Every structure is written in C-alpha cells, then in structure tokens.
Amino acid sequence: MMTRPPLSSFVALLAGTAMAFCVPRAFGAPPAPVASSASSATGQVTGRLATDLGSAAKDAVVFFAPLRSDEPAPRGAELGSKLAAILAGALGPGASARPEAVPLSTAQALARGAKSLVYLQLEITRGQLRATADLYRATRNVWDRARQPVPAPAAHAFAAARIDGEVRSYLAPVPLLAGHIDRVTTEDRDVLALACGDIDDDGNLEIVTLGRRRATIGRAQAGRFVPLKIASMRDLSGIAPSPLREPLGGLAIVPARGPRPAHIDLGITDRARGARMDGDLRVLGSIIGVPFTTPAGDACVKFQGSTLLAEIAKCADSDPAIDPTDIETPLDAAANATFVTADGAVHGIAATRDPRTADLKLRSGAETVTVAHAGTQIAVADLDQDGSPEIISTLDVPAQPASLPQAGKVGDLDALVITTWQLGTGLHEKSRTPVPAGIRAVAACPPEGGRGPAPVVIATPGELWIIR
C-alpha cells in the first residue's frame with residue numbers, strides 16, 4: 001500500500017477479517033486521467049536536474065558518462081543518450097545533447113565552441129535511477145585546459161527515482177517467478193492492512209502494519225517481525241459510535257508534495273477518527289475516514305453503516321480539494337495504481353470487486369478485463385517493472401480459522417494469485433501460492449534492486465510472508 005520517491009505510494013488496501021474494501025477516486029466511469037504530477041522515472045530525474053541547474057545551463061551541451069549499474073544493463077548507453085536528450089530539452093531550446101558516452105576530459109574538448117557544458121553521470125543501484133549533473137564553463141583552448149585540468153563545476157544537481165517500466169527496458173529483464181518466501185512471526189494476529197516502503201530513506205524497506213490494537217513500523221529480522229515504532233490505536237482515538245461488524249482498516253503512505261511533508265495516514269472503522277503520522281508514528285493530526293492512496297496523494301472513505309454505502313472526501317480539512325466521485329455499488333474491494341510502459345507513458349489502473357459475483361473488474365483507460373472468483377484482498381503493482389501491471393489477488397473462499405481444521409478441504413483454502421495484465425492481449429496467470437491459514441492483508445513493496453521482482457507482503461494470523 002504505498003510509491004516512492006521518497007515514500008512509496010503504492011496500492012491502498014482496506015482489509016477486514018474476511019473482506020477488504022478500498023475505493024479509488026472514481027468508479028462507474030473510466031478512471032480519472034493520471035494526475036499531471038505523475039511522471040516516469042526519466043521525467044522526474046531530468047525535471048529535477050533542470051530545475052536545480054537553472055537558467056545558467058540553458059545554452060549548454062549535455063554530455064553523459066558511461067552508466068554504472070549494480071545489475072546487467074545491456075542497453076545502458078542508449079539509456080544515457082536518452083536521458084541526456086531529455087535533459088537538454090528540459091533546459092531549453094538553446095541546449096543540445098551528444099549521443100555517446102565520453103569521459104569529462106573528452107566532453108571539455110568537444111564543447112570548446114559552446115558557452116558551457118553539463119556532464120551527466122548515471123547510476124542504477126538498489127532499484128533506483130540516480131543522476132548527478134554538473135555545469136562547467138567551456139574551456140576555449142588547450143592552454144585553458146592545461147591551466148585548469150579539473151575545473152570546478154559552476155552548478156551541481158542530483159536527483160533519484162525508482163526504476164519503472166521505461167528504465168527497465170534498458171536493463172536485463174527481471175524474472176517474475178522468483179518463488180522465495182520468508183515467513184516471519186508477528187505478535188499481531190489481527191492485521192487489517194499493510195504497507196511497505198523505505199520509510200526512513202536509508203535504502204532498506206520497512207513494513208507498516210495496522211491492526212485493531214496498534215500500528216507498527218518494523219522489519220523482518222531472524223525469522224521475526226521486529227517493530228521499530230509502535231502507536232496504540234486506543235491513544236489515537238475513541239471508539240466509533242457505530243463500528244462495522246467486521247472492522248475495516250486502511251493505510252496510505254503519502255510522499256512529500258510542495259510544503260506538505262511526507263506522512264502516513266491510517267484509519268480503522270473501530271475508531272471515531274484516524275491519524276496522520278510521520279515516519280516515527282508521531283501524530284501530526286487527525287483524519288476522518290479510512291484512507292486510501294491515489295496517484296495525487298490520498299483520500300478517505302466515510303462509511304454510512306455499510307460497506308456498500310460510502311462517500312469519498314479529503315482526509316483532513318487542510319488537504320487539497322478532491323474531485324467529486326460517484327461510487328458504483330455494491331463494492332467490497334478495490335485498488336488503484338499507476339505504471340509506466342517502455343515508451344515512458346504513465347498509465348492508471350483501477351480494480352474493483354463485485355461482492356455479488358466475486359468478479360474483480362480491471363480498467364485501464366478504455367480497456368477492461370475481469371478476474372473471476374477473486375477474494376477480497378487485492379493489490380496492483382508492476383512487480384517486474386516490465387510495463388505490464390500485476391494483479392495480486394486472493395481466492396473467494398470462506399475465512400480460515402487461526403488453526404486449520406484437520407478436515408479442511410484443499411479446495412476451500414486461500415491462495416495468493418499473481419496475474420499479469422498485458423494491455424491489448426489480456427490476463428496471464430503467473431503464479432498461485434497456497435496460504436492455508438488465509439490472507440488477511442496484502443501489499444506490494446517497491447523494487448529492491450538486483451535481479452528479483454519487487455516483494456509482496458501478506459498477513460496471515462500470526463505471520464507475515466515476504467514473497468520475492
């Protein structure tokens with residue numbers, strides 16, 4: 001349930017003991033266009049570099065160094081050339097780019113007829129695209145270069161973004177079916193919602209859990225989930241005047257936007273109010289409703305006695321206004337996300353489950369498909385960053401008790417199903433992992449880098465499974 005940078009704002013999920021309910025911004029019509037702030041990794045990086053370099057680089061020639069990468073990059077030179085060209089375009093009509101990778105000394109020699117040069121250095125590390133750009137005044141002749149062989153840059157800029165489908169197309173493909181599962185025990189048997197991301201920006205992923213008693217941020221260590229930060233739900237709010245019979249909870253990790261700092265919104269129908277918290281689970285304020293992520297941030301669901309009767313509103317009075325929404329009912333689970341294709345285009349995807357038929361309906365633009373007999377725990381993410389999103393779903397089976405009865409039927413057991421939606425060609429089931437105790441919540445993590453897919457985390461009674 002979370003995207004980064006700098007905090008991941010992936011798929012929002014409202015999860016209950018036997019059901020989940022998450023409402024995207026609009027159903028009943030095609031999803032709203034992806035927010036204008038949404039951009040590919042290359043767009044985010046070059047836009048930030050151009051802003052930080054400023055007008056001094058408007059007539060510069062952009063050169064780039066050979067790509068450094070912690071994973072195979074067979075088309076690394078092409079990626080560098082593309083980023084140099086995009087950066088030159090962002091700097092203005094007077095800027096240009098060279099298509100080949102060169103060392104800085106060569107760039108200085110080639111740029112002697114220009115006013116200035118920008119030297120771009122790219123790195124792929126731990127699932128991120130990182131870029132450094134330095135602005136140099138051009139040296140006019142060999143004597144200038146001899147007097148100052150290593151000139152100091154006149155301006156410096158840095159930017160980073162998570163790898164997406166466009167960047168991945170220049171790297172070695174990631175196998176989706178790695179199949180490694182780490183099972184870690186947890187004290188919380190009542191997890192209602194999960195989120196996953198690099199909360200403290202230290203390069204390591206943390207897991208956020210939300211239960212009826214507490215919310216935690218922690219990590220898997222030596223076979224156990226170790227909470228690093230804990231917040232008691234009792235301390236955050238009083239009991240709701242009319243709680244739902246089956247509690248629903250939601251988490252939204254919202255990245256920083258302008259003057260608004262990054263924060264975590266959480267809410268549960270057991271409580272009268274939710275909370276807005278920082279990365280240490282310190283309270284920043286209260287929210288009303290159960291939050292879910294959107295491409296532009298988050299919003300909240302306010303229930304009116306039933307999961308079938310809900311309204312969407314901004315979570316706090318100080319939040320930016322959101323568009324009015326019409327909710328198609330009945331609806332008991334949904335998720336939304338964005339993904340980037342190899343051409344750099346950003347697409348939105350929305351998923352909603354009809355409780356009458358257990359059909360999970362998927363929509364991206366004008367295309368729609370259906371996953372039949374889906375359960376109520378769902379998420380959407382491009383796990384292998386190939387430009388085609390994965391639908392992460394459970395099965396339409398009765399909720400399992402904490403300990404599986406000896407006479408339980410195999411056909412009644414839950415499972416985690418990962419299905420790829422290739423736009424234009426339909427759905428392709430990739431894996432099905434049995435989970436006998438039942439799945440209470442699910443979340444997709446950001447890519448960790450290397451050759452594996454992005455992790456998926458599921459909550460079962462007393463355990464978290466981290467599937468890579």
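Points worth noting:
- Residue order for Cys315, Cys196, fewest other beta carbons within 10 angstrom first, comes to Cys196, Cys315.
- When Arg219, Arg98, Arg353 are arranged by Cβ crowding within 10 Å, least crowded first, meaning fewest neighbours, the order is Arg219, Arg98, Arg353.
- Across segment 262-275, computed HN-Hα scalar couplings (Karplus, 6.51 cos²θ - 1.76 cosθ + 1.60, θ = phi - 60°) run 4, 7, 10, 9, 9, x, 9, 5, 5, 10, 5, 9, x, 9 Hz from first to last residue, x flagging Gly and Pro.
- For the set Lys302/Lys430; Lys229/Lys302; Lys229/Lys430; Lys58/Lys314; Lys82/Lys314, the pairs lying more than 29 angstrom apart at their alpha carbons are Lys302/Lys430; Lys229/Lys430; Lys58/Lys314; Lys82/Lys314.
- Amide H within-cut-off set for Ile199, under 5 Å, with H built and near neighbours excluded: Glu206
- By other beta-carbon atoms within 10 Å, ranking His428, His263 with the fewest at the front produces His428, His263.
- Taking every alpha-carbon pair under 8 Å whose residues sit at least 6 apart, segment 41-163 reaches a relative contact order of 32 percent.
- The amide H of Asp414, built 1.01 Å from its N in the peptide plane, has Val435, Gly438 as neighbours under 5 Å, considering only residues 5 or more places off or on other chains.
- Annotation: amide H of Arg224 within the under-5 Å range of Thr185, sequence separation 5 or more or interchain, hydrogens built in the peptide plane.
Just so you know, all these numbers are worked out from the coordinates, no wet-lab data involved. Just so it is clear, the structure is predicted and the values come from calculations on it, not from any experiment. Glycine gets a Cβ as well: all are built from the backbone with ideal geometry, and neighbour counts include every protein chain shown.
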